[in-house]
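A.B. asks: Sending over a structure as structure tokens; questions will come in a sec.
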Amino acid sequence: MTRFLFQSLSRSRALKALASRYGMRRRSSLARRFIAGETIDEAVAAARDLQARGMMLTLDLLGESVTNLDEATAATRQYVAAIDAIAAAGIERNVSLKLTQLGLDVDKASAVDNLRKILERAEPAGFFIRVDMENSPYTDVTLEIFNTLWRHGHRQIGAVLQSALHRSERDLEQLNALGARVRLVKGAYKEPKSVAFQNKLDVDRAYERMMTNLLAQGTYPALATHDPAMIDRARRFAREHGIGPDRFEFQMLYGIRRDLQAELHREGYRVRVYVPFGREWFPYFMRRLGERPANIGFVIRGVLADR
Ligand SMILES: Cc1cc2nc3c(=O)[nH]c(=O)nc-3n(C[C@H](O)[C@H](O)[C@H](O)COP(=O)(O)OP(=O)(O)OC[C@H]3O[C@@H](n4cnc5c(N)ncnc54)[C@H](O)[C@@H]3O)c2cc1C
């Protein structure tokens, strides 16, 4: 219910305008807890700070669902510029992106061309590019594009699967067979029951099955979750099966469970933090609020403090 409400609110223009004006204004502003900033310089500063604390990172230039090809071209240019800036800054070369940001809603071929342009710049510079997974109308096409690029020899790319979707265990078999790197998530979107588990317990059970499958048979999987129970199970499974901590990584979102991030790092696990930045931060921010009602209290306190 909360997730649905926040997904609806994320489409509100008035709220977006208001949030854009106040949400990032100061260092203490409410959205800064989850978003590194609006500029690449702010993202690089956040990344340096994380690296100094032993974290790995992936940078995400926020923006999704562009509605025309000019916007998609502009987003592609921004990504290429971000790649150059990341390389120049000397921070870890790893980015995440969304295909709708590159024009998937407008024209699939253009989105693929745009992704290719980004890969042409990123791959020779040693970047790894993770193609984020969006809501279920995009699952097929996202995996199809991923497969096509893989067939064309691109190996510095990775996919994402959501345990919430009924289909994901089948998709996992295919990605494992390719030898592709998979990030496993529970899924951030409200999905219909025709395609997704509606019950959290079912999503968690599927996550656990996919997680153990990935640890046993996957290629350097990324277990992206803040759920301590899942993380414990991963640690135990890895220990029991002699899977060393260099064979997989945990991933968490910027600003969420920083205590757990630090604890895992202290224990010798690899932890990658997903660092979102950019002017189009509103839908991302709303998804994070929708995931956890307690965040709303955090935001209200931030608003009161920010007056
Ligand atoms: C690195 C990374 C990349 C991701 N990429 C994608 C993607 O490409 N596509 C996609 O659909 N989803 C993506 N997600 C989001 C994911 O699908 C979940 O929506 C999100 O991670 C919450 O689920 P959870 O596994 O943390 O567990 P949950 O069971 O939802 O939460 C477990 C615990 O984690 C903490 N927690 C979870 N969310 C929050 C929050 N917002 N604020 C504060 N605490 C929180 C709480 O302590 C909670 O009790 C990504 C998540 C991560 C960590």
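The values are calculated or read from the model by the stated rules, or taken from the named source; none is laboratory data. All of these numbers come straight from a predicted model, not from anything done at the bench. Cβ placement follows ideal geometry from the backbone for every residue including glycine, while neighbour counts extend to all protein chains displayed. Side chains are part of the model used for accessible areas, which takes the heavy atoms of the whole protein and leaves out ligands, DNA and RNA. Shrake-Rupley method; radii C 1.70, N 1.55, O 1.52, S 1.80 Å.
A.B. asks: In this structure, does Ala109 turn out to be modelled with pLDDT of 95 or more and open to solvent by less than 30 Å² (accessible area, probe 1.4 Å)? Don't jump to the end; show me each part of the working.
C.D. replies: Numbers: modelled with pLDDT of 95 or more: yes; open to solvent by less than 30 Å² (accessible area, probe 1.4 Å): no.
The answer is no for Ala109.
A.B. asks: Something else now. Please find, within region 200-238, the residue that is nearest to the ligand (Cβ to nearest atom) out of those that are farther than 16 Å from Ser168 by Cβ and of a type in the set (Val, Ile, Thr).
C.D. replies: Ile231
A.B. asks: Which of the residues belonging to region 34-55 are farther than 16 Å from Gly278 by Cβ and open to solvent by 40 Å² or more (accessible area, probe 1.4 Å)?
C.D. replies: Start the filter on region 34-55 by keeping residues that are farther than 16 Å from Gly278 by Cβ, which leaves 48-55.
Within region 34-55, Arg48, Asp49, Gln51, Ala52, Arg53 meet the criteria.
A.B. asks: What number of residues within region 189-198 are modelled with pLDDT of 95 or more and within 12 Å of the ligand (Cβ to nearest atom)? Let's see the steps before the verdict.
C.D. replies: Going through region 189-198, the residues modelled with pLDDT of 95 or more turn out to be 191-198.
Adding the requirement that they be within 12 Å of the ligand (Cβ to nearest atom) leaves 191, 196.
Total meeting the criteria: 2.
A.B. asks: For Gln162, work out the one condition from (1) open to solvent by less than 20 Å² (accessible area, probe 1.4 Å); (2) under 24 Å from Ile40 (Cβ atoms) it doesn't fulfil.
C.D. replies: The failed condition is (2).
A.B. asks: Moving on. Tally time: how many residues in region 239-292 are of a type in the set (S, T, N, Q) and either surrounded by fewer than 21 Cβ atoms within 10 Å (Cβ to Cβ) or at pLDDT below 95 (or both)? Don't jump to the end; show me each part of the working.
C.D. replies: Keep residues of region 239-292 that are of a type in the set (S, T, N, Q), which gives 251, 261.
Still in the list and also either surrounded by fewer than 21 Cβ atoms within 10 Å (Cβ to Cβ) or at pLDDT below 95 (or both): none.
Residues that pass the stated criteria total 0.
A.B. asks: Let me ask something else. Is one or more of the residues making up region 70-93 open to solvent by less than 60 Å² (accessible area, probe 1.4 Å), within 29 Å of Pro192 (Cβ to Cβ) and within 16 Å of the ligand (Cβ to nearest atom)? Step through it out loud before you land on a result.
C.D. replies: Within region 70-93, the subset open to solvent by less than 60 Å² (accessible area, probe 1.4 Å) is 72-76, 79-83, 85-87, 89-92.
With the extra rule that they be within 29 Å of Pro192 (Cβ to Cβ), the set shrinks to 72, 75.
Next, only the ones that are within 16 Å of the ligand (Cβ to nearest atom) stay: none.
No, region 70-93 contains no residue that is open to solvent by less than 60 Å² (accessible area, probe 1.4 Å), within 29 Å of Pro192 (Cβ to Cβ) and within 16 Å of the ligand (Cβ to nearest atom).
A.B. asks: Name, by its number, the condition in (1) out of contact with any strand residue (DSSP E or B) (no Cβ under 9 Å at 6 or more places or on another chain); (2) closer than 25 Å to Ala46 by Cβ; (3) without any contact (Cβ under 8 Å) to a residue 40 or more places away in the chain; (4) of a type outside the set (Lys, Arg) that does not hold for Leu97.
C.D. replies: (1)
A.B. asks: Collect the residues in region 169-190 that are farther than 23 Å from Thr58 by Cα and open to solvent by less than 20 Å² (accessible area, probe 1.4 Å), keeping them in residue-number order.
C.D. replies: Asp171
A.B. asks: Sticking with this one: Show the residue pairs meeting these rules: Cβ distance below 6 Å; 6+ apart or different chains; first residue within region 236-256 and in contact (Cβ under 8 Å) with a residue 40 or more places away in the chain and part of a loop (DSSP other than H, G, I, E, B); second residue open to solvent by 30 Å² or more (accessible area, probe 1.4 Å) and within 16 Å of the ligand (Cβ to nearest atom).
C.D. replies: Gly255/Arg33; Ile256/His226
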